[in-house]
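Any read-out appearing in this document is the output of simple, stated calculations on the displayed coordinates, not a laboratory observation. Just so you know, these numbers come straight off a predicted model, no measurement behind them. Because the Cβ atoms are built from the backbone with ideal geometry, glycine has one as well, and the counts that use them run over all protein chains shown.
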Amino acid sequence: MAPLLRRALVAALFAVAALIALYHLTVAGTLALELQYGPLNAHLIIAAIYVVLALIAFCVLWVMRSKPAATTTPALSEPRNMQLLMLVEAVMLGYSLARKSDRTR
């Protein structure tokens, strides 16, 4: 349990450090953009950047989503059909074995 707790603590510290760094980079970018484009446009540019990043993350998650399991054929879903299918397979196997023994004579 201790290694798992240690990993969780390291992951939490990493997440907090990443959020703090993201905050400071956002503030620095906003201040730099305010000098060139004004306060309103600077905030709109920063918001647009975050929207683009969120859309990219959403697209990545959408592509990586788990695919639904392949559906079974309706013929194999009912026990009666499965028994009939096994009987047909047995007959076909018996027929092919009987034909092979005729050729070996």
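Determine the dipole magnitude for the chain: charges of +1 sit on the beta-carbon of Lys and Arg, -1 on that of Asp and Glu, nothing else is charged, the reference point is the Cα centre, and the result goes in debye to the nearest 20. Don't jump to the answer; show the numbers that get you there.
Details: 9 positive and 4 negative charges, 153 e Å.
I would put it at about 740 debye.
Taking every Cα atom in the chain, find the radius of gyration and the maximum pairwise distance Dmax, and write them in Å.
32.2, 97
Helix hunt in the chain: which complete DSSP H runs extend at least 30 Å axially by C-alpha with mean Kyte-Doolittle at least 0.5?
Values: long enough: 2-37 (51 Å, 1.41); 39-63 (36 Å, 2.30); 79-103 (36 Å, 0.02).
Once both thresholds are applied, what remains is 2-37, 39-63.
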